[in-house]
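Participant: Just dropping this structure here.
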């Protein structure tokens, strides 16, 4: 299941950020390449000069394309980007709701939370993986790979006959989903300065506004035939991505024909060496350790309640034990071993970056604690049409998108964001608290909707502020690294929240149904637990349906209470860790340079902790 929150941060995690050095004239002096000194157990600052010498094939293709773009071809490219952003958002607000029907069809509805947890882990660690793949093989080629993953994943789900096939298809889809997300980020990254960044990142999510309404009409026409819901996107995705794929391949062909490709030392290397170098640069070992430790710790939370012997099951004990051992080993490894760690520990010493990571993590934990089973809850407790169910489920993402754009406008004119972030987190907390009343027996439709609007309002202000806070606290050369780290840690909050929700649901829902549903028929109770569609077969005033509604309300109370408790902490961390940085025309608040690398004359908000040699290496190609 993809996240239904619109992505409000678009930054590449593995591309070079100095665009002004691509057209250097031959014969100009450059500072000789030199090895960067180590920082904190091997973590190095980004060496732009070294990157030029070891340019990967995909990056070389991108730089060659700059010479062939004309007005017409650029319009084709922009149309392609627009279509890819549109289908990405339409998929994000549509197909996630089909998962509850798919798992219910095989009487494994509770497993949907576990599948969501696995998806969240893949989406998190897949970002740098897909970004580096784009650097190694090329943007157009990676778009093709992403399209294949999408299509195959959705075909597997659409033809699935058991929950294992559904989970397998979701894994393939998740790699395609996070790959498309990253490719969009790569294509549009490094286009804005600090003052404009919040507004532009909000505008890029604009397709979510219209697609929240489009998805409702699609759901009304498709459901309960969830198989066709997945199959139609196996057709729509390649059609929507075809323009950008064709445009990029055409540009690559023309650049090669015009002999614009730069000679890259990597071109002469064997593929095995190129892959090895790319794996080291993306910290593949670190990503595997992160994914393995998180999966072994979090997945048992959803699997144990249904396992034989539950937490006494040997497999569950082994998974948690191994995960608990791997997690600290992962932290030590990231601290000591890789030269370019995916989680650079040195940045966590800087308040705004640490604050962005913690706030993003806790915000996603709180969100997914209440959201993982929210669709199932309203499906059972409310007598709504499929269209209304989708409208309600999309309310928060719609509000998040609209108020994200509003927040960007506020940031542009006020040139500040800390107190807007704080206000957004407080409003989100209030919305979460009001949900305790809305999900009770005395709650009504207006209260349910208003809670989602308030959380979307607060989330919109918070989402655009978090990334700017972290990106402003590092020099231009480190923006990619810190952005990837914040996105990764934030997505880990997604997996943790989903896992916690699954554990609470699987542990308490069977007992709640047995308590409130007036029957002793164990088979009926098992069917009600395993399928939301089985519950919906009973009329609203039937004692069986009313008992199931009461059971759902009692378990939802636990989920919302947990979300409320977690939501208390982000505003506190905002006060003590977030710095009230002035948003200027500089790219960041460390070196006070604009997008072209020229001094802006603005005051620096942070000390540049790099050594003179490191700063020279960053600017060597501008000399």
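Participant: How many residues does the stretch 283-297 hold that are closer than 15 Å to residue 495 by Cβ and under 18 Å from the mean Cα position of the chain (by Cα)?
Facilitator: 5
Participant: Next question. Look at the stretch 152-168 and say how many of its residues are crowded, with 22+ Cβ neighbours inside 10 Å and within 28 Å of residue 248 (Cα to Cα).
Facilitator: Going through the stretch 152-168 one residue at a time, the tally reaches 2.
Participant: Looking at the stretch 214-229, which of its residues are over 16 Å from residue 166 (Cα atoms), touching a helix residue (DSSP H, G or I) at 6+ places or on another chain (Cβ under 6 Å) and either without any contact (Cβ under 8 Å) to a residue 40 or more places away in the chain or part of a helix (DSSP H, G or I) (or both)?
Facilitator: 215, 216, 218, 219, 220, 222
Participant: Also, I was wondering about something else. Among 199, 149, 172, 180, which is crowded, with 20+ Cβ neighbours inside 10 Å, closer than 21 Å to residue 401 by Cα, touching a helix residue (DSSP H, G or I) at 6+ places or on another chain (Cβ under 6 Å) and modelled with pLDDT of 85 or more?
Facilitator: One residue alone meets the criteria, 180.
Participant: Tell me, please, whether a residue that is part of a helix (DSSP H, G or I), in the same structural domain as residue 361 (by TED's automatic domain parsing), closer than 25 Å to residue 354 by Cα and at pLDDT 85 or above can be found in the stretch 434-448. Walk me through how you get there before you give the answer.
Facilitator: First, the residues of the stretch 434-448 that are part of a helix (DSSP H, G or I): 434-438, 445-448.
Next cut, in the same structural domain as residue 361 (by TED's automatic domain parsing) only: 434-438, 445-448.
Filter once more, so that each one left must be closer than 25 Å to residue 354 by Cα: none.
No, because not a single residue in the stretch 434-448 is part of a helix (DSSP H, G or I), in the same structural domain as residue 361 (by TED's automatic domain parsing), closer than 25 Å to residue 354 by Cα and at pLDDT 85 or above.
Participant: Okay, moving on. Considering only residues that are closer than 19 Å to residue 163 by Cα and surrounded by 13 or more Cβ atoms within 10 Å (Cβ to Cβ), which ones fall in the stretch 297-315?
Facilitator: Narrowing the stretch 297-315 to residues closer than 19 Å to residue 163 by Cα: 298-308.
Hits for the stretch 297-315 are 298, 299, 300, 301, 302, 303, 304, 305, 306, 307.
Participant: Do we find a residue being farther than 30 Å from residue 470 by Cα, touching a helix residue (DSSP H, G or I) at 6+ places or on another chain (Cβ under 6 Å), in a helix (DSSP H, G or I) and in contact (Cβ under 8 Å) with a residue 60 or more places away in the chain anywhere in the stretch 272-294?
Facilitator: yes
Participant: If I filter the stretch 348-365 for residues that are in a helix (DSSP H, G or I), over 30 Å from residue 132 (Cα atoms) and in contact (Cβ under 8 Å) with a residue 12 or more places away in the chain, do I get at least one hit? Explain how you work it out, then say what you get.
Facilitator: Going through the stretch 348-365, the residues in a helix (DSSP H, G or I) turn out to be 348-349, 351-365.
Then drop every residue that is not over 30 Å from residue 132 (Cα atoms), which leaves none.
Among the residues of the stretch 348-365, not one is in a helix (DSSP H, G or I), over 30 Å from residue 132 (Cα atoms) and in contact (Cβ under 8 Å) with a residue 12 or more places away in the chain, which makes the answer no.
Participant: Going through the stretch 408-433 one residue at a time, which ones are under 29 Å from residue 377 (Cβ atoms) and buried (at least 20 other Cβ atoms within 10 Å of the Cβ)?
Facilitator: Scanning the stretch 408-433 gives 424, 425, 427, 428, 429, 431, 432.
Participant: Mind telling me which of the residues 349, 339 ends up being surrounded by fewer than 16 Cβ atoms within 10 Å (Cβ to Cβ), under 28 Å from residue 469 (Cβ atoms) and touching a helix residue (DSSP H, G or I) at 6+ places or on another chain (Cβ under 8 Å)?
Facilitator: Step by step, each of 349, 339 is checked, and only 339 is surrounded by fewer than 16 Cβ atoms within 10 Å (Cβ to Cβ), under 28 Å from residue 469 (Cβ atoms) and touching a helix residue (DSSP H, G or I) at 6+ places or on another chain (Cβ under 8 Å).
Participant: Would you confirm whether or not the stretch 302-324 contains a residue that is modelled with pLDDT under 85 and within 30 Å of residue 425 (Cβ to Cβ)?
Facilitator: Yes.
The values are calculated or read from the model by the stated rules, or taken from the named source; none is laboratory data. Since the structure is predicted, the reported quantities are computational estimates derived from the model, not experimental observations. Counting neighbours? That spans all protein chains shown, and the Cβs are built from the backbone with ideal geometry, glycine included.
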